[in-house]
1. State the number of residues belonging to segment 1-49 that are open to solvent by 70 Å² or more (accessible area, probe 1.4 Å) and either within 19 Å of Thr154 (Cα to Cα) or in contact with a helix residue (DSSP H, G or I) (Cβ under 9 Å, 6 or more places away or on another chain) (or both).
2. Among the candidates Asp120, Asp142, which residue alone is closer than 21 Å to Asn21 by Cβ and not aliphatic (A, V, I, L, M)?
3. Tell me yes or no: at least one residue of segment 109-121 is of a type outside the set (Asp, Glu) and closer than 17 Å to Ala52 by Cβ.
4. Please work out if Ala78 is open to solvent by 10 Å² or more (accessible area, probe 1.4 Å), touching a strand residue (DSSP E or B) at 6+ places or on another chain (Cβ under 6 Å), farther than 23 Å from Leu158 by Cα and of a type in the set (A, V, I, L, M).
5. I need a count of the residues in segment 39-78 that are among the hydroxyl-bearing types (Ser, Thr, Tyr), closer than 18 Å to Ser177 by Cα and out of contact with any Ser or Thr (no Cβ under 8 Å at 6 or more places or on another chain).
6. Taking interchain pairs and intrachain pairs at least six residues apart, which have beta carbon atoms under 9 angstrom, with the first residue in segment 65-94 and under 20 Å from Val43 (Cβ atoms) and the second among the basic types (Lys, Arg)?
7. Could you please let me know if Val124 is of a type in the set (A, V, I, L, M), open to solvent by less than 20 Å² (accessible area, probe 1.4 Å) and free of Cβ contacts under 8 Å to residues at least 60 places away in the same chain?
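The values are calculated or read from the model by the stated rules, or taken from the named source; none is laboratory data. If you're wondering where the values come from, they're calculated on a predicted model, not measured in any experiment. For neighbour counting, all protein chains shown are included, and Cβ atoms are generated from backbone atoms with ideal geometry for every residue, glycine included. Surface areas here come from the heavy atoms of the whole protein model, side chains and all, with no ligands, DNA or RNA. Shrake-Rupley method; radii C 1.70, N 1.55, O 1.52, S 1.80 Å.
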Amino acid sequence: MANKKKVIVTGFEPFGKHAVNSSWVAVQELERLGLGEAVDLHVCEVPVEYQAVQGLLLSLWREHQPQLMVHVGVSGLATTVTLEQCGHNNGYKRLDNCSFCPASQCCMDGGTDCIHSVLDMDAVCQRVNDSGLGVTVSVSKDAGRYLCDYTYYTSLYLGRGHSAFIHVPPLGKPYSSQDLGRALQAAIQEMLKLLELDPKQDARCNHKQHQQQHEHF
């Protein structure tokens, strides 16, 4: 049991017009499916609140020290399951569920503009699409400058790039919760295979300069 890989997967609570957030529904479906016997899967619902996200992610990374943390969010514009390659530090102007947004409009004062995942999302995308899953997967480099992007950047920083973000469409547009759960399962299993091939890879953006701030973030 001790050598099990630990993976945390999060979805978001409802917000705005999303009275049911398909991201959390999909994550709950993934929890039912699991990631195989070799993976210890832990799921968590994330508030759509900037300040809550920082505290929650810090505690998740510190407490669990997962090999990989995957965040799932809903996009009303998405028609595919979309793998996000990077998180952005600046441009957060939309108010959260508490009617708050950061005064600086950024995740981290003085932080680098973007942090990339250590995972090659193009490779993950191709492998899932080639598998005949019946759910189309695509890749994006813009997670939207709201709680999704904010969460991703924060997690990439705390996890030194060992994080991923997946956008899913609203339920039924066009995929069911079961479809989305299977897509998450397939994508995350491919991510874990890539990490096994090169477990020592580090984030491509330079955030070593921030490591001394890590404990105070």
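1. 4
2. Asp142
3. No, that holds for no residue.
4. Here the answer is yes, as Ala78 does meet what is asked.
5. Of the residues in segment 39-78, 0 are among the hydroxyl-bearing types (Ser, Thr, Tyr), closer than 18 Å to Ser177 by Cα and out of contact with any Ser or Thr (no Cβ under 8 Å at 6 or more places or on another chain).
6. Between residues of segment 65-94 that are under 20 Å from Val43 (Cβ atoms) and residues that are among the basic types (Lys, Arg), the close pairs are Gln65/Lys6; Pro66/Lys5; Pro66/Lys6; Gln67/Lys5; Gln67/Lys6; Leu68/Lys5; Leu68/Lys6; Glu84/Lys141.
7. The answer is no for Val124.
To keep it simple, each residue is scored yes or no on (1) farther than 17 Å from Ala52 by Cβ; (2) surrounded by 21 or more Cβ atoms within 10 Å (Cβ to Cβ); (3) touching a Leu at 6+ places or on another chain (Cβ under 9 Å).
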residue	(1), (2), (3)
Ser140	yes, no, yes
Gly144	yes, no, yes
Tyr153	no, yes, no
Leu180	yes, yes, yes
